[in-house]
Each structure stands twice: as structure tokens, then as C-alpha cells.
Amino acid sequence: MITPDQKFWKTFKETNGALSVAESIFIMQAAALAPSGTYLECGVAYGKSAMSACTTLKDGFFYLIDPIFDDKRVLESVYDVVSKINPNIKVKISPLYSTDFLPKFAPYSYVMLDSGDHDEIVMQEINLVKDNMVSGGVIVMHDLDSQFLAVREGYDYLLGTGNYEEIKPNWDEINNYVNENNLNVGNISWHHTELDNPNFVGAVRRK
Ligand SMILES: C[S@@+](CC[C@H](N)C(=O)[O-])C[C@H]1O[C@@H](n2cnc3c(N)ncnc32)[C@H](O)[C@@H]1O
């Protein structure tokens, strides 16, 4: 299992957002499988999931998309924190909506979908991305099997195309590592705060 150093965890935990340490670790394992190329995250907020992916993505361009980047101060602070993680990744940040942006820079090697409230946007994004991934490309989806039922529908739809296979998380190994190292202490997150280790990230890989 790939894990980052304490310096990364300090930055991650101090960054506001909606992601657990366990979910961050699974994103690292999934992103490590993506070939070098063009990467995209839709629904970045303040950068927790994007910085997690940066720890293991190879050389490439990483587009970060979220309408909250209309606020220049937010845009600059997220760029600052994410672009420092991996010097081999060129970060491009934009205040756009995913559905407007997605067709622009395809095909992608890595896409993370975490836009808004995961309602009809999920299938809109999946329809735009499903034929626009390179072979071996990785799609990560947040809030799988949480209260947002559309994410599971979208995930199963991708598998049903026959073009994608699951990247199965080893949550036991990840959660044990988090607990043994007390990594959850001090993590700022508004995501399922009632749970010790929210485990709501899934990933698939294009065959
Ligand atoms: C749950 S937060 C993302 C959390 C983030 N991934 C993290 O690691 O903390 C969802 C984000 O999706 C953004 N969003 C909503 N609709 C969107 C869309 N159509 N395209 C891109 N981002 C969108 C919201 O502004 C919000 O910042």
C-alpha cells in the first residue's frame, strides 16, 4: 500500500473539505494505476482529493474544475496547495462546470468525479466521460454507497458497458493503517463526521 509522509498529512488535514484520510489513501492507490497523460477532477472544493491524487499520479496535466473558483482568493489558495504536492504535474485550475469542461481535453488518463449533490449530474458526467478515457485510465467516484444513490447507479452503469473493471479497495488494510497511526486526528472534513473512517470512494479502470 502506498502511503505519503507526515508533511503531506499535515497539509491534507489542515485543508477544509469533504474527504476522510482512508478515502484519501484509496485515491492514492487508484491514481497510481493511471497512465501518464491528462487528468481531471470535477468538484475540487479546497483540494483534499486533488492533492491526494497528486501524490501518485505520473507526469501530466491536471485540470481542477469547480464553480467556487469564481472567487479568485479560493482559486489561488487551492492552486497553491495542490500544485506544491508533485512538481511533475502541471496544475490548471478553472471556475467551470464539469459538463461544460469535460469534452474539452479528452481523452483522460484520470478523472475524479465529486460534483455537487450527486443528483442528475452523475449520469451527465458519466455519459461525457465513459468513451473519453484512455486504455488503463482510471475514474474515481466519491460518495459511492453513501446517501447519494445516483453514484452507485453511475458506477454500475460504467461496469455494465463492459469497458471498465473495478479497482477494489482493501478497506480493512487502509482503515487499520489509519487507526494504528491515529491519522484521523485533526482532519478537517464535513463528510460523514459521525463515522471514524468514511469509506465512500470507488474506482474503475478502462480495459
Ligand atoms: C463535496 S464538494 C467536493 C469535495 C472535495 N472533492 C474534497 O476533496 O474535499 C463538491 C464540490 O462540487 C462543486 N460542484 C458543484 N457542481 C459542480 C459542477 N457541475 N462541476 C464541478 N464542480 C461542481 C461544488 O462547488 C463543491 O465544491
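List of remarks:
- Two-site label geometry, Tyr79 and Val185: point separation in nm, points 7 Å out along Cα→Cβ: 3.7 nm
- Given Lys7/Lys104; Lys58/Lys168; Lys90/Lys207, the pairs whose alpha carbons are separated by over 24 Å: Lys7/Lys104; Lys90/Lys207
- Between Leu195 and Phe61, residue separation times 0.36 nm minus the direct Cα-Cα distance comes to 44.8 nm.
- Lys, Arg +1 and Asp, Glu -1 on Cβ, resulting dipole of the chain about Cα centre, debye, nearest 20: 860 debye
- Computed over neighbours whose Cβ is under 13 Å from that of Val201, the net charge equals -3, Lys and Arg +1, Asp and Glu -1.
- Taking a ≥ b ≥ c as the square roots of the eigenvalues of the Cα gyration tensor, the stretch 64-126 is oblate, since a/c reaches 1.5 or more and a/b is not larger than b/c.
- Taking the Cα centre of the stretch 54-169 as reference, the dipole from Cβ charges on Lys and Arg (+1) and Asp and Glu (-1) amounts to some 620 debye.
- Antiparallel bridge percentage (DSSP; both residues within the chain; nearest 5): 30 percent
- Prolate/oblate/rounded call for the stretch 1-114, Cα gyration tensor, a/c under 1.5 rounded: oblate
- Prolate/oblate/rounded call for the chain, Cα gyration tensor, a/c under 1.5 rounded: rounded
- The simple spin-label model puts a point 7 Å past each Cα toward its Cβ; for Lys10 and Thr161 those points are separated by 4.2 nm.
- Whole-number percent relative contact order across the chain, with pairs defined as alpha carbons under 8 Å at least 6 apart: 26 percent
- Cα lying deepest toward the dipole's positive end in the chain, options Gly17, Pro107, Asn170, charges on Cβ: Pro107
- Among 102-114, 73-85, 127-139, sorting by the average number of other beta carbon atoms lying within 10 angstrom of each residue, highest first, gives 102-114, 127-139, 73-85.
- Placing unit charges on the Cβ atoms only, positive for Lys and Arg and negative for Asp and Glu, gives the stretch 1-118 a dipole magnitude near 380 debye about its Cα centre.
Just so you know, all these numbers are worked out from the coordinates, no wet-lab data involved. Computed from a predicted structure; not experimentally measured. FYI the Cβ positions are ideal-geometry reconstructions off the backbone, even for glycines, and counts take in every protein chain you see.
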